[in-house]
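Peer 1: Starting off with a structure, shown below.
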Amino acid sequence: MNNTIETILNHRSIRKFEDIPVTDEQLSTVLTAAQQASTSSYMMAYSIIGVTDPAKKTELAEITGQAYVKDNGHLLIFCADLHRHTLKANEENYENMKPNLENTEHFLVSAIDAALAAQNAAIAAESMGLGICYIGSIRNQLERVDKILSLPTHVIPLFGMVLGVPAHSPNQKPRLPKEAVYFENEYRDHTSELEAFDKEITSYYQSRSSNNRVDTWTDQMLRRFTKPMRMDVTDLVQKKGFNKR
């Protein structure tokens with residue numbers, strides 16, 4: 001097993017950081033790694049906002065409900081970005097571009113490009129001994145985040161990532177068995193694998209060093225999907241010129 005695989009397999013979300021900023025060299029390496037990610041049709045349809053303003057970080061921590069959004073070595077916000085693709089367009093060009101800018105295909109392209117770049121960034125950071133945690137809760141108040149970052153049309157914030165020197169080493173959460181995520185040739189029923197995974201998760205929650213509880217993965221998913229959440233995201237996405245067609 002090589003160092004890259006070991007880094008990937010050792011991943012865990014870090015939510016407590018030492019009061020040590022990420023160095024310029026580390027940040028440059030993380031961003032360069034992000035830019036080397038695969039990208040659809042060479043579009044590079046994403047942007048990354050580094051948030052260093054303490055007031056903005058405090059406001060984003062309030063939105064997410066997570067103190068570590070403020071207290072970390074560096075905060076990155078990954079955005080879907082089709083704005084730069086319009087910068088050389090005249091009015092006629094732009095009108096001709098709108099069906100593509102506003103369709104679901106290019107919304108997916110930009111979101112996937114951003115996610116690929118972010119995962120490269122995460123692996124690069126972890127390979128240097130830094131810890132990371134993705135922040136999906138910026139979508140709690142997406143329009144407010146959009147305004148904080150002064151994002152133009154055809155740019156939307158998707159998720160954040162905090163990184164820094166870890167101040168703890170949390171237990172690693174189990175993942176679904178391969179048989180529940182990888183199927184040959186066609187999708188197949190994997191209820192039995194989920195039942196076995198539920199037993200594993202129950203044991204994990206009862207044995208971990210903090211926040212132990214009685215729970216299963218399937219129960220968590222039932223709770224999540226039966227309670228409407230972030231229902232305003234669609235409106236903001238479409239308002240910013242994405243996923244309208």
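Please treat every number below as a calculation from the coordinates, not as lab data. Everything numeric here is computed off the predicted structure, so don't read it as measured data. Note that each Cβ is placed from the backbone with ideal geometry, even for glycine, and that neighbours are counted across all protein chains shown.
Peer 1: Explain nothing, just the number: relative contact order of the range 111-245, from Cα pairs under 8 Å at least 6 residues apart, as a whole percent.
Peer 2: 24
Peer 1: Just to be sure I understand the model, the point goes 7 Å from the Cα along the line to the Cβ. What's the resulting Asp24 to Arg230 distance in nm?
Peer 2: If labels sit at Asp24 and Arg230, their model points lie 3.5 nm apart.
Peer 1: Greater than 26 Å separation of Cα atoms is the criterion. Which listed pairs, Lys57/Lys173; Lys178/Lys199; Lys57/Lys88; Lys147/Lys173, meet it?
Peer 2: Long pairs (Cα-Cα over 26 Å): Lys57/Lys173; Lys57/Lys88; Lys147/Lys173.
Peer 1: List the chymotrypsin sites (Phe, Trp or Tyr not before Pro) within the range 159-225 that DSSP assigns to loop and that have no more than 10 neighbouring Cβ atoms inside 10 Å.
Peer 2: Numbers: sites: Phe159, Tyr182, Phe183, Tyr187, Phe197, Tyr204, Tyr205, Trp217, Phe225; in loops: Tyr182, Phe183, Tyr187.
Loop-located and lightly packed - Tyr182, Tyr187.
Peer 1: Which whole-Hz ³J(HN,Hα) couplings does the range 154-164 yield from phi under the Karplus relation 6.51 cos²θ - 1.76 cosθ + 1.60, θ = phi - 60°, glycine and proline marked x?
Peer 2: The phi angles translate into 6, 9, 9, x, 9, 6, x, 8, 9, 9, x Hz.
Peer 1: How would you classify the range 42-86 from its alpha-carbon gyration tensor, with a ≥ b ≥ c the square roots of the eigenvalues: rounded for a/c under 1.5, else prolate if a/b is greater than b/c, otherwise oblate?
Peer 2: Here the range 42-86 falls in the prolate category.
Peer 1: Arranged by the count of other C-beta atoms within 10 angstrom, fewest first, what order do Arg15, Arg230 take?
Peer 2: Exposure proxy ranking, most exposed first: Arg230, Arg15.
Peer 1: Mind running the shape call on the range 152-232? Use the C-alpha gyration tensor, a ≥ b ≥ c as the square roots of the eigenvalues: rounded below 1.5 for a/c, prolate if a/b tops b/c, oblate otherwise.
Peer 2: It comes out oblate by the Cα gyration axes.
Peer 1: At 7 Å along the Cα-to-beta-carbon direction for both Tyr42 and Gln238, put a label point, then send me their distance in nm to one decimal.
Peer 2: Simple spin-label model gives 3.5 nm for this pair.
Peer 1: If packing is taken as the mean number of other Cβ atoms within 10 Å per residue, what is the order of 46-59, 76-89, highest first?
Peer 2: Descending packing order for the listed peptides: 76-89, 46-59.
Peer 1: Which far-off residues, 5 or more places away or on another chain, put their amide H under 5 Å from the one on Ile14, with H placed in the peptide plane?
Peer 2: The list, which skips near neighbours in sequence, is Ile132, Cys133.
Peer 1: About the Cα centre of the chain, what is the dipole size in debye to 20, counting +1 per Lys and Arg Cβ and -1 per Asp and Glu Cβ, all else neutral?
Peer 2: Rounded to the nearest 20 debye, it is 540 debye.
Peer 1: Sticking with this one: So what is the relative contact order of the range 1-100, in percent, for Cα pairs below 8 Å that sit 6 or more residues apart?
Peer 2: 32
Peer 1: What is the extension gain from Glu186 to Glu6, computed as 0.36 nm multiplied by their sequence separation minus the C-alpha to C-alpha distance, in nm to one decimal?
Peer 2: Fully extending the segment from Glu186 to Glu6 adds 61.8 nm.
Peer 1: Continuing with this model, one more query. From Cα pairs below 8 angstrom and at least 6 apart in sequence, can you work out the relative contact order of the chain, rounded to a whole percent?
Peer 2: It rounds to 27 percent for the chain.
Peer 1: Go ahead and estimate [θ] at 222 nm for the chain from helices alone: -39,500 (n - 2.57) per DSSP H run with n ≥ 4, summed, over the residue count, rounded to 500. Intermediate results must be reported in sequence, preceding the final value.
Peer 2: Values: 9 runs with 106 residues, N = 245.
Rounded to the nearest 500, it is -13500 deg cm²/dmol.
Peer 1: Length gain on complete extension for the stretch Met97 to Val214, per 0.36 nm per residue less the alpha carbon to alpha carbon distance? Please report the intermediate quantities before stating the final value.
Peer 2: On the way: separation 117, 0.36 × 117 = 42.12 nm, distance 5.20 nm.
Contour length minus Cα-Cα distance gives 36.9 nm.
Peer 1: While we're looking at this one, here's another question. In whole angstrom, how far apart do the alpha carbon centroids of the range 168-220 and the range 121-140 sit?
Peer 2: Comparing the Cα centres of the range 168-220 and the range 121-140, I get a distance of 22 Å.
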